[in-house]
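First comes the structure, then the notes that go with it.
The values are calculated or read from the model by the stated rules, or taken from the named source; none is laboratory data. Just so it is clear, the structure is predicted and the values come from calculations on it, not from any experiment. Here the Cβ positions follow ideal geometry from the backbone for every residue, glycine too, while neighbour counts run over all protein chains shown.
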Amino acid sequence: MVTVFADLTCPFTHVGLRRLVVRRDEIKSRARFLVLAWPLEWVNGERLDPAFAATEIAALRTEVAPDLFRGFDPRTFPSTTLPGLALASLGYTVDLATGESVSRALRDAVFEQGLDIANPTVLSAIASAHGLDVRDADPEAVRAEYEEGRRRAVVGSPYFIVDGVGYFCPSLDITHVGDEFSIRFDAPAFEDFTARALGDVDGAMR
């Protein structure tokens, strides 16, 4: 199991999880991702600015992931991720597979479908698609996960933990100067990380 602390509106998490899932399927690993709450609105004292997210996404699409973020719309960027994070946590009370699926569906809603996951109707639809009732989501679970992240010295979103070792954005080389981003896919780092996280043999599990 790979533990990840991340926010639902973090573009880097969306790219990272997508690539890891593709690699997991390629090597037939049984590894699962436990994606826990690291709400940027608590970390920074305010939600991620949609314009700032758009700048990150533009750099990612240009240099790293031209096939992603096709539905992103700053106008529907959620005002809060806390209800969505609570729903993801609820999914993990069923099992790892359900929790991971809900977590990925929430990110797809934001970045590929342009949906506002702060909207109760949107959240309810995602919950129902996974056999959940959004009314069962516990806001206190988000607080507990966030405090766990603080205890584990999480430094940003996404922060992966494999065998007790932490990795921040392990496959991206990010340079931020002023209002400009330069983002490069670090292939050797990705190969090294996936070998550690997913195993490099057929059917391997971590």
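Rundown of residues vs (1) surrounded by fewer than 21 Cβ atoms within 10 Å (Cβ to Cβ); (2) at negative phi; (3) charged (D, E, K, R), yes/no style:
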| residue | (1), (2), (3) |
| --- | --- |
| Asp25 | yes, yes, yes |
| Leu36 | no, yes, no |
| Pro39 | no, yes, no |
| Asn44 | yes, yes, no |
| Asp49 | yes, yes, yes |
| Glu63 | yes, yes, yes |
| Phe69 | no, no, no |
| Phe111 | no, yes, no |
| Ile117 | no, yes, no |
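Between Arg135, Arg104, the distinction of being surrounded by 15 or more Cβ atoms within 10 Å (Cβ to Cβ) and among the basic types (Lys, Arg) belongs to Arg104 only. Filter the stretch 106-141 down to residues that are part of a helix (DSSP H, G or I) and touching a Phe, Trp or Tyr at 6+ places or on another chain (Cβ under 8 Å) and give me whichever is nearest to Gly84 (Cα to Cα). If we take residues in the stretch 106-141 being part of a helix (DSSP H, G or I) and touching a Phe, Trp or Tyr at 6+ places or on another chain (Cβ under 8 Å), then Val110 is nearest to Gly84 (Cα to Cα). Here the helices (runs of 4 or more DSSP H) wholly within the stretch 3-66 that include at least 1 residues being closer than 22 Å to Leu198 by Cα and free of Cβ contacts under 8 Å to residues at least 24 places away in the same chain are 11-27. The listed residues are Ala141, Ala88, Ala125, Ala118, and the only one of them that is farther than 19 Å from Asp49 by Cβ, in contact with a Gly (Cβ under 9 Å, 6 or more places away or on another chain) and of a type in the set (Gly, Ala, Ser) turns out to be Ala88. All told, Ala144 meets the bar of being assigned to a helix (DSSP H, G or I), at pLDDT 95 or above, out of contact with any Pro (no Cβ under 8 Å at 6 or more places or on another chain) and closer than 18 Å to Leu96 by Cα.
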